[in-house]
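Engineer: Attaching a single structure in structure tokens format; questions to follow.
The values are calculated or read from the model by the stated rules, or taken from the named source; none is laboratory data. Keep in mind that this is a model prediction, so the values were computed, not measured. Note that we place each Cβ from the backbone using ideal geometry, even for glycine, and neighbour counts take in every protein chain shown. Surface accessibility is based on the protein's heavy atoms, side chains included, excluding ligands, DNA and RNA. Shrake-Rupley method; radii C 1.70, N 1.55, O 1.52, S 1.80 Å.
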Amino acid sequence: MKHAPSNRAALLALALFGVTGAYGVDAPPAPPVAHEVMPPAAAIPGESIYQLPLQLTLQDGRQMPLAALRGQPLLVTMFYTTCQGVCPLMAFTLRRTMAALPEAERARMRVLMVSFDPARDSPEALRGFAELNSLKGPAWLLARTEENDVRELAAVLGIRYRQLPGGMFSHSAIITLLDADGLIRTQTGTLQETDPALIKAIGDVLR
Amino acid sequence: MRHLLLIAAVLCGTAAAASEHAAIGGGQFSSVLPQGPGNEPVTVAPFKLDRHPVTNAEFLAFVLKQPRWRRDRVATLFADAGYLAHWRSATDLGGDLRPQQPVTRVSWFAAKAYCESRGERLPTWYEWEYAAAASETVPDARGDPAWRQRILDWYAQPSPPVLPDVGRSPANYYGVSDLHGLIWEWVLDFNALLVSSDSREQGGADRLRFCGEGALSAADREHYAVLMRIAFLSSLEARYTTANLGFRCAQDAR
Amino acid sequence: MSKRLSQVWLVVLCALALSACSKQSPSSAPAAPADTGGSASGDFGPPQGEPVKAVLTSPPNVPPPTGRTHPAKVIVELEVREVQKPIAEGVNYTFWTFGGTTPGSFIRIRQGDTVEFHLKNYPDNKMPHNIDLHGVTGPGGGAASSFTAPGHESQFTFKALNRGLYVYHCATAPVGMHVANGMYGLIFVEPPEGMPPVDHEYYVMQGDFYTVGKYREKGDQPFDMQKAIDENPTYVLFNGMEGSLTGDRALTAKTGETVRLYVGNGGPNLVSSFHVIGEIFDKVWFEGGTRFQENVQTTLIPAGGAVIAQFKLEVPGSYILVDHSIFRAFNKGALAILKADGPERKDIYSGKEVDATYLGDKALSMAAVGEAAAARAAGKLTKEDQIKAGGLLFNGTCSVCHQPNGAGLPNVFPPLAKSDFLMADKERSIDIVLNGRTGKVTVNGAEYNSVMPPMSQHTDDEVANILTFVRNSWGNQGEAVSKDEVAKRRGATQRPPGAAR
């Protein structure tokens, strides 16, 4: 954990990072991380999930900021690979939902599943889950991000979770539909069956 | 020039306040929210906690340093329409508010950003509960009906027209004050309090809704003073602000 | 199979088939339905027409009948307010309320309506709140969908499938505390045909309250959780305040009118034995349901339940609504008043007819008093009759102070025997017996400064007889006093406060 900076360091950091750039971090300068530059804040709508400056590592090892997904509607949920109960069910529901879409719509939809468990869910583990649950094709994005960012993403999506002593997670199961700009259009907790309201909302958002 | 002087003054004030931490030794305790099935005690590692909540002055300094968090510039994803609505302007408290009052009408994102700007973090629920279990003289006063009644008395009063300044009530056993009787406070894992929003649901039968162990049901209904904190926090979303909700920061002990 | 055998089988099968047909029950049309079908028959289809904004009323008023004949979409907007206000005179309590009142606003809809419910939590409130309406079919009665932080609003929609009078209340932890602080009210789901019209409908709701201080201990009183757990209330009240429905806040009606009370019990703990002193409920829709009982004196209202009680008023007066667990009414405040105005109906209720002294077995024989009364009525009363009767009445009443021998008590009570003061003025002596006397008097040369209480509870006959006795005893000699003289004096003067008649 970082130590509280002295006043001097704070002023220095202020000078270095400027006032509009870094979000919340006021630490001594760190080596630059290889990632794409974030689009200017003004362009992203205030309510858009892409305001979150988090970094994703996908199952194929690619790294990208969350905001790189902007431009296409997205189904988002959160899970973890060692989950026995609900997560496989969620994956199944998402597959059925995608299958229920007309061909043209399905081609334009993507699904992002972010792990609660970055410590254990490496890209390899993510690949394993995708295999096991038949989540094949470019539409399926399984990702991990930093622990701090997991909490923030869950907060934005209204998902509650906590880690239990055995390493399992207790969490709510919510599927969220985002429009191309990252605004939440609808959410559903319906599992196993496809939610007709969700299917309709997907149609609306692709129009 | 005046602006710079103000920033300097406020920063100095911030620095002074930032060093006011209480060191709290860790331990095991029985939480109102069990970690899993059975009522195993929770282990809290040693940590440091702000002696009192973050004040208007401290938060103003932060907002001036990071204008992204000004109420006229903050992204609506991170704060609702009530964010800092009581300040006279985006950069000025105004004459009606005092610098040493606890800052309220701040969202979880804003509170988190403030603590991170100091290299710290929000306390976890267990840390907050652990520190808040203390009275002035004993580390765990939760069995004392008089202590419980004092806390309930705060819930029984309506919001005061003017919030008192921080640090006015006596510090507890750990040297921390205002954990009760002043404001509600954000915790880092407020969205880990998996209580159902219908507070009468018991035993977490809804396994599908909450994968794993099911919704937590408060272990000891006698600790209703603490239950009410959980009830309040579980009504919030991360971007919410309310007139009685503020925060303080914590950090791991070294 | 041979042809013959198969023919036999055919006949047998046909016979069997025919007999099976004729086994159809010969009984008549199906029996009348035994129930109204519950929620299964409460769905009258989608809402019709423009959405309607629900009229909410504060207690003790009830919104008017919906007057609808088809299901509608009804918009209900209810605001939660935490307010500090009196619970008894000089005693303040922080109430958590729906709509600013305890009980909360009365909601009236029709069976089959679709309700779009908006719950708003006033920004200055401290606590999160939600709502559970007992008339909602759905998880938590709405509580799960209405959990609202201060400064925010929640919305959910439900269809009212069951008719009846239902309680609503907050269900946020700790639920008992939210309810004990006044977070309850009533929602009435009218039967599709509506309720029969009455002259007045009133909204009353009982609740138990728990304060740290004692009953009527003044000041700001906080909630006492331990007393609530022990079910030991400080106050048991109608409509959230002692005296909320008494004095000039009493419910009103006229004789000849029919009154319908929608009565709820928010609890949190106590069951109510609801009774109106002086009236009988002509009809009680017990438990707020569909059937009614008739001619009920006292009806039970469960905690979290309700009742509809209806009665016609015949006699004017103040009718007291109580919880007949009677110490709650007189020592904890569970008392409300319905004032009925109108002409007297002596044929139904006469008021007091006889107020006679009843000495029980203490009287030797009061026969003479009765005889004197009869003689006077017959016009045959003699002075001797009066003296005899008056003497009996004097003993035990006047003799206590003036002594049986009329001597009085020196320096304290003046004598009547040979009293110049008494014999000097007959009018004045009648006056003193009727209206009492305080202050200095001089009797037989001695000064007395004491208090004689009025004795106006005696009838005119009795006063006349007592005075005749006194004026003709112990050496006194004087005229008799007649009933008419006493009656005239009684009419011409005013009794002091507290004296009878």
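Engineer: In degrees, nearest 10, range 0 to 90: what is the angle between the Cα axis of helix C:483-492 and the longest Cα principal axis of chain C?
Structural biologist: 60
Engineer: For chains C and B, what's the summed buried accessible area, probe 1.4 Å, to the nearest 100 square angstrom? It would help to have the intermediate numbers written out before the result.
Structural biologist: Numbers: alone 25180 and 12570 Å², together 35210 Å².
So the total buried area for this chain pair works out to about 2500 Å².
Engineer: Need the per-residue list for the stretch C:200-226: every residue with at least 30 Å² less accessible surface in the complex of protein chains than in the chain by itself, probe 1.4 Å, sorted by number.
Structural biologist: In the stretch C:200-226, residues shielded by partner chains: C:Pro222, C:Phe223, C:Met225.
Engineer: Within the stretch C:179-251, report the GluC sites (Glu not before Pro) that DSSP leaves as loop and that have at most 14 other Cβ atoms within 10 Å.
Structural biologist: C:Glu193, C:Glu217, C:Glu231
Engineer: In peptide C:149-161, what is the residue-averaged number of other protein chain Cβ atoms found within 10 Å of each Cβ?
Structural biologist: Mean number of neighbouring Cβ atoms from other chains: 3.
Engineer: Mean projection of the alpha-carbon convex hull of the protein assembly as shown over all orientations, in nm²?
Structural biologist: Across all orientations, the protein assembly as shown yields a mean hull projection of 68.4 nm².
Engineer: Report in % the part of the accessible area of the protein assembly as shown that belongs to carbon and sulfur, leaving out ligands and nucleic acids; probe 1.4 Å.
Structural biologist: Carbon-and-sulfur percentage of accessible area, whole number: 55.
Engineer: Please compute the Kirkwood hydrodynamic radius of the stretch A:49-206 from all pairs of different C-alpha atoms, in Å with one decimal.
Structural biologist: About 15.5 Å for the stretch A:49-206.
Engineer: Right, another one. Among DSSP bridges having both ends in the protein assembly as shown, what percentage is antiparallel? Round to the nearest 5.
Structural biologist: Numbers: 99 of 140 bridges.
Given both bridge residues lie in the protein assembly as shown, the antiparallel proportion sits at roughly 70 percent.
Engineer: Averaged across the residues of C:79-87, what count of C-beta atoms belonging to other chains lies within 10 Å of each residue's C-beta?
Structural biologist: So the per-residue partner count for this stretch is 1.
Engineer: Helix C:3-22 versus the longest principal axis of chain C: what angle, 0 to 90°, nearest 10, using Cα atoms?
Structural biologist: The angle comes out near 30 degrees.
Engineer: Here is a follow-up. Kindly provide the trypsin sites (Lys or Arg not before Pro) of the stretch A:132-183 that DSSP labels as loop, not H, G, I, E or B, and whose Cβ sees at most 16 other Cβ atoms within 10 Å.
Structural biologist: Qualifying residues, ordered by number: A:Lys136.
Engineer: Ignoring ligands, DNA and RNA and using a 1.4 Å probe, state the total buried accessible area between A and B in Å², rounded to the nearest 100.
Structural biologist: About 3900 Å² of accessible surface is lost on pairing.
Engineer: Roughly how many nanometres apart are two label points built 7 Å out from the Cα toward the Cβ at B:Asp92 and C:Ala377?
Structural biologist: Each label point lies 7 Å from its Cα, and together they span 9.5 nm.
Engineer: Could you work out the local net charge near C:Arg376, counting Lys and Arg as +1, Asp and Glu as -1, over the other residues with Cβ closer than 15 Å to its Cβ?
Structural biologist: Here the charged neighbours net out to -4.
Engineer: Starting from the alpha-carbon convex hull of the stretch C:161-276, give the projected area averaged over all orientations, in nm².
Structural biologist: Here the figure is 9.4 nm², rounded to one decimal.
Engineer: Helix-derived [θ] at 222 nm for the protein assembly as shown: sum -39500 (n - 2.57) over DSSP H runs of at least 4, divide by residue count, nearest 500?
Structural biologist: That calculation yields -7000 deg cm²/dmol at 222 nm.
Engineer: Considering amide H positions built from the backbone, and no H for Pro or chain starts, which residues 5 or more places from B:Thr76, or on another chain, come under 5 Å of its amide H?
Structural biologist: Here A:Gly46, A:Glu47 satisfy the definition.
Engineer: So which GluC sites (Glu not before Pro) in the stretch B:91-195 end up in coil per DSSP with only 14 or fewer other C-beta atoms within 10 Å?
Structural biologist: In loop regions of the stretch B:91-195 (DSSP not H, G, I, E or B), the sparsely surrounded GluC sites (Glu not before Pro) are B:Glu136.
Engineer: So, in nm, how far is label A:Ala107 from label C:Phe292 when the simple model puts each one 7 Å beyond its Cα toward the Cβ?
Structural biologist: 7.0
Engineer: Would you mind getting me the FRET efficiency between C:Ala492 and C:Gln457? Use the beta-carbon distance for r and R0 = 25 Å, nearest 0.05.
Structural biologist: That pair, C:Ala492 with C:Gln457, gives E of 0.85.
Engineer: Computed over the Cα atoms of the stretch B:21-252, what is the convex hull's projected area averaged over all directions, in nm²?
Structural biologist: Result: a mean projected hull area of 12.6 nm².
Engineer: Among B:100-106, C:424-430, what's the highest-first ranking by average C-beta atoms within 10 angstrom per residue?
Structural biologist: By packing density, highest mean first, the sequence is B:100-106, C:424-430.
Engineer: Measure out, as a whole number of angstrom, how far apart the alpha-carbon centroids of the stretch C:435-490 and the stretch A:150-197 sit.
Structural biologist: If we compute the Cα centre of each part, the gap is 96 Å.
Engineer: So who's got an amide H within less than 5 Å of the one on C:Arg437, skipping anything under 5 residues away but keeping other chains? H placed 1.01 Å off N, in plane.
Structural biologist: The list, which skips near neighbours in sequence, is C:Met452.
Engineer: Among C:Lys227/C:Lys332; C:Lys53/C:Lys126; C:Lys85/C:Lys339, which pairs are too far apart, with a Cα-Cα distance over 21 Å?
Structural biologist: Result: C:Lys53/C:Lys126; C:Lys85/C:Lys339 exceed 21 Å.
Engineer: Something else now. Could you go through the stretch C:75-88 in sequence order and give the Karplus-derived ³J(HN,Hα) for each residue, using 6.51 cos²θ - 1.76 cosθ + 1.60 with θ = phi - 60°, rounded to whole Hz, and x for Gly and Pro?
Structural biologist: 9, 10, 10, 10, 10, 8, 10, 9, 10, 9, 8, x, 9, 7
Engineer: Taking only Cα atoms, what is the 0 to 90° angle, nearest 10, from helix C:383-394's long axis to the longest principal axis of chain C?
Structural biologist: Once rounded, the angle reads 60 degrees.
Engineer: Consider just the alpha-carbon atoms of the stretch C:402-451 and return their Rg together with their Dmax, both in angstrom.
Structural biologist: Answer for the stretch C:402-451, Rg first and Dmax second: 10.2, 25 Å.
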